[in-house]
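The structure appears below as structure tokens.
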Amino acid sequence: MNADTDNDIIKHANSRLDECSMELHKAQLNTVIKCKAAVAWEPGKPLTIQDVDVAPPKVHEVRIKIVATGVCHTDWEYLYESGKGMKSRPFPLVLGHEAAGIVESVGPEVTKFSPGDKVIPLFLPQCGECERCRSPKTNQCRKNWANMQLGVMADGTSRISYKNQQLYQFLGVSSFSQYTVVPDTSLTKIRCDAPLDKVCLLGCGVSTGYGAAVKTAKVEKDSSCAVFGLGAVGLAAVMGCQVAGAKRIIGVDINPDKFEKARVFGATECINPRDHEKAIQEVLVEKTGGGVDYALECVGSPVIMNAALESTAEAWGTCVIAGWTETETMNIMVEKILMGRTLKGTYFGGWKSVEDVPKLVDDYMNKKLKLDEFITHNLTLDQINVAFDLLKSGKSIRTVISL
């Protein structure tokens, strides 16, 4: 047998392997996956673990095996405070939006992802084509935005169901399910050596708080900062202030159990408002001789937002709102703004999701960014309600659920 014959055999074998791979992928595309998911049947009631069906991905959609998901305060709020500070969303739904996983299959016209890719799903899309994506001024792409907020895909339906009943996908993600389907513009590929049970936190909380400091506030070296709320978002903001070189970083929280952790992330001092008779903004103005350069509100309370703004220095103080609420209003004394303060909001920390999250993963892998220190509990999907209890009681910073 000569070399040409050998080459022909190898080419034929490789061609047959490619055909088999394509046939396998086509089979996957037509297969409904049965798996476990934590279902919210109605507001105010604990989640229940159900056997659900996850449909194949459609055009420009990707089906993911979720490996790990963080339990975010926003998940708890939508379940237990729906219609209060949060807009009502349709039930039943599958919560979860801070996760990492592996691509299981891709739908037609998907070109940037392949089965086996490690990925982080994104509640904030980045299509890369719209006016907002092309602008350096914002990260707020609106591709499929309205539908994702309602818990459905581009065609108006969800890919998750229980006994033929549609289950809405929270923020278009639904990571409290072992498998889910997301648009290809709401997904980013990350390096293959990244630990998914750690980098999942970059899908929401850590990115939001860290970006609030370094990207939205643009904290400067040797500045003074106050961070209101020392949950995961607040601690990430503290970390961002430290990375930016702030000289004084004051953590503010009514739970003193969080102060030790805050110091790990860079807080130079911590204050419990309940230890003082004066309003916290007055305390901070006095302690800093006129107010902090930057205040970051990471709670989502209009009262605390006002306190944060009023704790900043006249003439140049900047207050960034990172805490989430949808229906409540702030009442601001106009003079506080006229005297030169800046009030800004941030969504997902200002990061352009698809392009920036992989860079944050790189920063973590290169030990420039902390993630492990946020994780206080590791649980399984059937313990999801325990994770909510830990969150509400203030005993956890971040619980990671393994699926």
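The values are calculated or read from the model by the stated rules, or taken from the named source; none is laboratory data. Since the structure is predicted, the reported quantities are computational estimates derived from the model, not experimental observations. Positions of Cβ are generated from backbone atoms using ideal geometry, with glycine treated the same way; all protein chains shown enter the neighbour counts. Heads up: the accessible areas ignore ligands, DNA and RNA and are worked out on the full protein's heavy atoms, side chains in. Shrake-Rupley method; radii C 1.70, N 1.55, O 1.52, S 1.80 Å.
Points worth noting:
- Residue that is of a type in the set (Ser, Thr, Tyr) and in the same structural domain as Val320 (by the TED database), where the choices are Thr342, Thr380: Thr342
- Selection within segment 83-142 - aromatic (Phe, Trp, Tyr) and under 19 Å from the mean Cα position of the chain (by Cα): Phe123
- Residues (open to solvent by less than 10 Å² (accessible area, probe 1.4 Å), of a type in the set (Val, Ile, Thr) and assigned to a helix (DSSP H, G or I)) located in segment 196-227: Val199, Val206
- Residue match in segment 382-394 (condition: part of a strand (DSSP E or B) and either touching a Leu at 6+ places or on another chain (Cβ under 8 Å) or farther than 25 Å from Pro43 by Cα (or both)): no
- Any hit, segment 161-170, residues being open to solvent by less than 30 Å² (accessible area, probe 1.4 Å), assigned to a loop (DSSP other than H, G, I, E, B), in contact (Cβ under 8 Å) with a residue 60 or more places away in the chain and assigned by the TED database to the domain that holds Trp76: no
- Filter result for Val292 (buried (at least 23 other Cβ atoms within 10 Å of the Cβ), over 27 Å from the mean Cα position of the chain (by Cα) and more than 23 Å from Phe374 (Cβ to Cβ)): yes
- Val52, sole failed condition from (1) more than 18 Å from Phe170 (Cβ to Cβ); (2) at pLDDT 80 or above: (1)
- Check on Ile102, part of a strand (DSSP E or B), assigned by the TED database to the domain that holds Phe374 and crowded, with 24+ Cβ neighbours inside 10 Å: no
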